[in-house]
């Protein structure tokens, strides 16, 4: 039976948004699409990736009025305190500014007998499990550097901020990030755990509760290399 993921507004106790969770087969196919698309994305020049990611951030900023209202209903944050996107832009700008230097090869040793160089390569497909508090700011902390570095990103956002994932996908796609390279998937806990246990992801970033972290740890047990 397919679970329905619901956001119940703390404002009035009613369902504000609901989406059907993806079936395990559909979720697996989405991750496989991300794996296939990641190779082409990683092959693109760094500056092109930076430009597209930052265009996505600007597209998100253009949605600010909508985002602020949605957050008020989803998580109960008063509209007058809804200035989260300003921080998103600042952090994304900083990460894009340091990308070239951070990702550049670093010479560890260059002597008469040896030359050692540290080269940074994308890991592949990154799963970002984002929390409801500061749902945009916490998410971009991983999404932006992961995309810039040449990874594909699968986002699973908290049910309390169900629409935040959709807005992020809409923005990055508008900015030119390919649809398969950044995906917002509505997943239940069981499907998420199964994907992690099956090593479908090359990196998992989780921000959330202690209990949630323990569930991720259990799902990932035996997959560390």
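A few comments on the model shown:
- Tensor-based shape of the stretch 1-56 (alpha-carbon gyration tensor, a/c under 1.5 rounded, otherwise prolate or oblate): oblate
- Between 0 and 90 degrees, the angle of helix 84-97 with respect to the longest Cα principal axis of the chain falls at about 10 degrees.
- Selected from 88, 204, 153 as most flexible by GNM, with the chain as the system and alpha-carbon contacts under 10 Å: 204
- Estimated FRET transfer efficiency (residue 211, residue 108; beta-carbon r; R0 35 Å; 0.05): 0.30
- Scoring 209-217, 135-143 by mean Cβ neighbours within 10 Å over their residues and listing the highest first yields 135-143, 209-217.
- Taking the DSSP bridge list for the stretch 4-220 and keeping only pairs wholly inside it, about 40 percent are antiparallel.
- Distance between the modelled labels on residue 55 and residue 203, one decimal in nanometres: 2.3 nm (7 Å Cα→Cβ projection).
- Percentage relative contact order, the chain, counting C-alpha pairs under 8 Å, at least six apart: 28 percent
- Modelled spin labels at residue 23 and residue 36, positioned 7 Å past Cα toward Cβ, are 1.9 nm from each other.
- Listed residues 87, 13, 208, most fluctuating in the chain (Gaussian network, C-alpha, under 10 Å): 13
- Modelled spin labels at residue 190 and residue 44, positioned 7 Å past Cα toward Cβ, are 3.7 nm from each other.
- Among 172, 201, a tally of other beta-carbon atoms within 10 Å of each Cβ gives an order, fewest to most, of 201, 172.
- Only one item in (1) 31, 22, 15; (2) 51, 23, 16; (3) 27, 20, 16 matches semi-axes √(5λ) of the Cα gyration tensor in Å derived from the coordinates shown, and that item is (1).
- Shape category assigned to the stretch 149-211 from the gyration tensor of Cα positions, a/c cut at 1.5: oblate
- Fewest-first sequence of 157, 94, 173 by Cβ atoms within 10 Å of each Cβ: 94, 173, 157
- Result for the chain in a Gaussian network model with C-alpha springs under 10 Å: among 187, 168, 118, the largest mean-square fluctuation is at 118.
Every number in this text was worked out from the coordinates using simple rules, so none of it is lab data. Everything numeric in this text was worked out from a predicted model, so none of it was measured. Cβ atoms come from the backbone with ideal geometry, glycine included; neighbour counts cover every protein chain shown.
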